[in-house]
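Just so it is clear, none of the values below were taken in a lab; they were calculated from the coordinates. Values in this document were obtained by computation on a predicted structure and should not be read as measured data. When we count neighbours, we look across all protein chains shown, and the Cβ atoms used for this are built from the backbone with ideal geometry, even at glycine.
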Amino acid sequence: MTSPAIDAALARRLVDAQFPRWAGLPLRPFTPAGSDHVIYRLGEDLSVRLPRHAGAISQARKESEWLARLAPHLPLAVPVLLEVGEPAFGYPWPWAVSRWLDGEVATAESLGGSHEAAVVLAEFLAALHRFDGVPTDDLAGEPLAHRDAATRAAISKVGDVFGAAAMTELWDEALAVGWDGPPVWFHGDFHTGNLLTFDDRVSAVIDFGELGVGDPARDLIIAFTLMSAETRGTFRDALGVDDATWTRGRGWALATGLNAYTCYAATDSRVAAQTTRQIVAALTD
């Protein structure tokens, strides 16, 4: 299915028809929105999120089912979903109304050197990884090896930019130490764009569309998207990451960084800079 056209008029009609108690609240676009959702501010306390593409359509129901269960166990704020809207007016997918979370998107420039932030993020992941909720079958995460063909293709495509030999060596090392422990809960997309800050401190974690269970190394991506070499050390010590898990974390950072770089870097300078930093960090630490 092609991506639907989304504008403020559509969002207004959806809200007014399905949740008339909010019909009188002003609605305005929020920028910059993410690559997965169009976001509108609804009044001062709410947000409306409409998936842009089919790959994001499970997020509203997943977050509705799990975030209220997770929140009491986590040391940082997470989204509070109030309603899941139904397809209507030509819009084909579920959508969500959530409480607005104040804050700025985290950046490496603002928090990369913060040892305090590194510890806070390690504490968040430790709490998430300890969560003992019984997952449904759809939450089973893919192993790193499932990304082998796509990652090797990306290495071939951009080998002259980052060094094909170094990337291949890291990738082979990461695959050689596959996860063989019990599955644990992970965020799944734990990078700077999904962290909010308030008063220069991490305040919230958002966008749990990739929430699942499997290899905890998947969440180590944050070390290579946000942190400096020094704060990565603080983060690793605080979380107690062994060598095999750290190597897989570097592999996850390489694979996801290459995927975003090959898809978006040519047309988005911000993505190019962020993913270059991620890939280089994974290769050097």
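Exposure proxy ranking for Asp207, Asp242, based on other Cβ atoms within 10 angstrom of each Cβ and starting from the fewest, stands as Asp242, Asp207. Each principal axis of the Cα cloud of segment 8-100 was taken in turn, and the coordinate range along them, longest first, works out to 38, 29, 25 Å.
Cβ crowding within 10 Å, taken as a proxy for footprinting-reagent exposure, orders Arg250, Arg52 from fewest neighbours to most as Arg52, Arg250.
Using the empirical formula 2.2 N^0.38 Å as the baseline, the Cα radius of gyration of segment 190-255 reaches a ratio of 1.12.
Can you tell me the order of 103-112, 219-228 when each peptide is scored by its average per-residue count of other Cβ atoms within 10 angstrom, highest first? Kindly include the intermediate steps, with their values, before the conclusion.
On the way: 103-112: 17.0, 219-228: 25.6.
Order by mean packing, descending: 219-228, 103-112.
All Cα-Cα separations within segment 1-48 were binned at 10 Å from zero, giving a P(r) of 26, 55, 18, 1, each value a whole percent of the pairs. Residue exposure proxy: His53, His191, ordered by other Cβ atoms within 10 angstrom of their Cβ from fewest to most, comes out as His53, His191.
Distant-in-sequence amide contacts of Phe186, defined by a placed amide H-H separation under 5 Å and a gap of 5 or more residues or a different chain, comprise Gly212, Val213, Gly214.
For segment 132-207, what class follows from the C-alpha gyration tensor (a ≥ b ≥ c being the square roots of its eigenvalues): rounded when a/c is under 1.5, otherwise prolate if a/b is larger than b/c, else oblate? Intermediate values should be presented prior to the final figure.
Working: a/c = 2.59, a/b = 1.32, b/c = 1.96.
Oblate is the answer for segment 132-207, as a/c is 1.5 or above yet b/c matches or exceeds a/b.
Values [x] 21.0; [y] 21.8; [z] 19.8 are given for comparison; Kirkwood radius over Cα pairs in Å, derived from the coordinates here, is the one labelled [z].
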